[in-house]
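A short worksheet on the structure shown next.
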Amino acid sequence: MAIDKKLSNDATSSIGGTIYQICVALERAFMLEEGQKLWIERFGDVTVSGHEQIEAKQYSDSLTDSHPNFWNTIKNWLLPGFDHKKYSHLTLFTTQSIGENSKLLEWNDAIPSKRFEILQAILNESEGRYQKSQESKTDEKKTSPPQSLLDQRFVLDHAQCAKLTEIIPKISIASDSPRLVELRKKIIDRHGKTILQAKRDEFLDDLMGYMMSPCTVQNGWEISFSEFSAKLTMISNHYRRGTVKFPAKIIIPSAEDLELQKEKRFVKKIHEIQYPDVVSDAIRHYISASITVIEEFQNYEVDPKSYQTYQSNLKQSQQTKQRLAKRRLSGDPITESKNFYDELTSETPQPFPSFEQTPIEFRNGVLHMLADDGACH
């Protein structure tokens, strides 16, 4: 069997790195506080407004003293276009383990002056190795300094000294960070406890899809605390189907309510079949459903598409049953209409997505709303 060769333009690693970055951003999104925003690829890999700038890297090798991942990250934080004053933390979030002989093992616990010493010691060793490598070469065979050494020289250049002094206390190395599969599991274990066990992977995939959606990207890849909270609630409710209590309003119509609603289309239709006994309940259900849709569903962050689908299904079901009732019509039309009304409004309601039980009053209220719009006859 022939084995497919890897294409020269294969972007698997690059895409994998991007997905890892999004997963790191998702983990940080769960930590957002009221008023905070998160950006992806706006000011760096992952940014939390007023708090933290994160460079997220998934590598398989060790984080050695001269590794470009470390030095290039600091270099980027020193560039003129990066305003470090907006953040209290600058984090290198990497899957790499720090080499057992690396001076970086001391980094996170070191005071700023010690961190300067660590950087200078690494540069001195790199300069020594480079000079030694050039000593035995003729002028024609001498090579340019490697990029890692150039980055180290840039970071410790006198021109960068003032800015380096300001950022060095903020820098931390989150080494041995979980790789993609581990990070996914960590997020699910921590934030998916209330999700049905069989749906937890789908729950996370939906959140990742939201993070990478065209709408999110077109918004400058900006995610606010309130937007993420709303999306999280909606997706969580979807995968906690049958566990959320329906937020129906209980309404007792006053004489004024009855008067205000008497000209509604659905009320007139009830009077057409000479059934005044049910008018008060019909108005109560109508008002209750209207308030639930307008006010309560916003609090529960119900996806508008869920309500639209529920309403459409209810409309189709009502129309089908009405056609059937007309074909079976054998007695007095008024009596038959009352019977149809009672049968329709007493049936067990279709379940509304994400809620444990859909009240009959809500279903009937939606039917009256449809009738009032002329959708049901």
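The values are calculated or read from the model by the stated rules, or taken from the named source; none is laboratory data. The model shown is predicted, which means the values in this text are computed figures rather than measured ones. FYI the Cβ positions are ideal-geometry reconstructions off the backbone, even for glycines, and counts take in every protein chain you see. Each accessible area value is taken on the protein alone, full model and side chains, heavy atoms only, with ligands, DNA and RNA left out. Shrake-Rupley method; radii C 1.70, N 1.55, O 1.52, S 1.80 Å.
Accessible surface computed residue by residue for the chain, with neighbouring protein chains in place and a 1.4 Å probe, gives 56 Å² per residue. Counting only heavy atoms of the protein chains and using a 1.4 Å probe, H67 has close to 20 Å² of accessible surface.
Just the protein heavy atoms count here, and of the accessible area of the chain at 1.4 Å, carbon and sulfur take up 52 percent.
Length gained on full extension, S213 to I294, computed as 0.36 nm times the residue gap minus the Cα-Cα distance: 26.5 nm. Inter-label distance, S312 to S113: 7.0 nm, where each label sits 7 Å from its Cα along the C-beta direction.
Fully extending the segment from E166 to K245, taken as 0.36 nm per residue of separation minus the present Cα-Cα distance, adds 23.2 nm. For E222 and D373, the difference between the fully extended length at 0.36 nm per residue and the C-alpha to C-alpha distance is 50.5 nm.
A probe of 1.4 angstrom, applied to the heavy atoms of all protein chains, finds D205 with accessible area near 80 square angstrom. The simple Förster model, with R0 at 22 Å and r as the Cβ-Cβ distance, assigns F30 and K85 a FRET efficiency of 0.25. For R190 and L324, what does the FRET efficiency come to when R0 = 51 Å and r is the distance between their Cβ atoms, rounded to the nearest 0.05? After rounding, the FRET efficiency stands at 0.50.
A Förster radius of 25 Å combined with the Cβ-Cβ distance from R129 to D157 puts the calculated FRET efficiency at roughly 0.85.
Per the Debye formula on identical point scatterers at the alpha carbon atoms of region 244-377, with no solvent, log10 I(q)/I(0) at q = 0.18 Å⁻¹ is -1.03. Computed from the alpha carbon positions, the gyration tensor of region 187-292 leads to an equivalent ellipsoid with semi-axes of 44, 18, 12 Å, biggest first. With the highest mean first, a sort of the peptides 223-230, 38-45, 344-351 on other beta-carbon atoms found within 10 angstrom per residue produces 38-45, 223-230, 344-351.
For mean projected area of the Cα convex hull in nm², the value computed from the atomic coordinates appears in the list (i) 49.7; (ii) 31.4; (iii) 18.1 under label (ii).
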